[in-house]
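One structure below.
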Amino acid sequence: MERHLSLIKTDYQELEKRVFPRFPFGFMIFREESSTGETGKMAFEVKDISLSGMQISFKDGTHSYAQGTNIIGNLQWRGATVKVKGKVQWIREACIGLSFDSSISFEEKMRTFLSFDNIVSHIKALHNNELTLDLPNNLKYWLKSDGVLEIFVWEHTSSGISRFQILMMEHFIEWEEGVGLRTGKIMTQRDLDTPLALEDEFVFHIDEGAVEEKIEMALGVVRKISSEHLPLEARDFLVYKLGG
């Protein structure tokens, strides 16, 4: 399971890869509207999302979308709904990358939809999940808020936190003992076909220096996580390492 922590640097860009476990269920859904304005039956799981776009996955059957297609639909997250206009930017098998046709009013709605309070209210502590999940060695805590936030906290074989990663929208924040804080941007995410576990491979563009804005965003969410999901001592450790 050490490969979950491995770094792979290319010769031409500051790109690195990580392999993380994947939780098989998500509750953020995108439903396309029909030509009559009614919500259609075709539903997509939102794999990741930001203020500028999202990656959606069609689980059942096939779709007929092409690059450049305009799509209108409803983004739904446990009772909250936002109407979205987007354009297909890329297609990889069942996954589709959409860019939002944004306006000031739409961006304000998305900022509310993806607010710290809303993100935290949807967090699931997967390390306490009753499902039988094949967790990597030394993964102590695993928090997920559908396609918006994911936190991995690793510990030493003996005791104590050795590193943590925070995936928040398109941003990547990592602390590692002996290395410190680094930030980056998620470039690609893909499912891995593995026989024993569900996994995702992420490719990140690593920033030349840790970007304070990304760290502050992560800090704002971590401070709001309750002890029900993350023990107080672990949360305080993350806050301290993030500079809070």
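Observations on the structure shown:
- As a rough footprinting exposure proxy, the listed residues ASP191, ASP101, ASP117, ASP146 were ranked by other beta carbons within 10 Å of their own, and the order from fewest upward is ASP117, ASP101, ASP191, ASP146.
- Across the options PHE58, ILE71, LEU114, the greatest Cα extent toward the positive end of the charge dipole of region 28-115 (unit charges at beta carbon of Lys, Arg, Asp, Glu) belongs to LEU114.
- Shape call, region 160-244: gyration tensor on alpha carbons, a/c limit 1.5: oblate
- Ascending count of other beta-carbon atoms within 10 Å, so fewest first, for TYR65, TYR141, TYR240: TYR240, TYR65, TYR141
- Region 96-244 shape via C-alpha gyration tensor axes, a/c threshold 1.5: rounded
- Dipole magnitude of region 28-115 about its Cα centre (Cβ charges: Lys, Arg +1; Asp, Glu -1), debye to nearest 20: 100
- Under the criterion of Cα pairs below 8 Å and six or more residues apart, the relative contact order for region 28-115 equals 26 percent.
Every number in this text was worked out from the coordinates using simple rules, so none of it is lab data. Keep in mind that this is a model prediction, so the values were computed, not measured. So basically every Cβ, Gly included, is an ideal-geometry build from the backbone, and we count neighbours across all protein chains shown.
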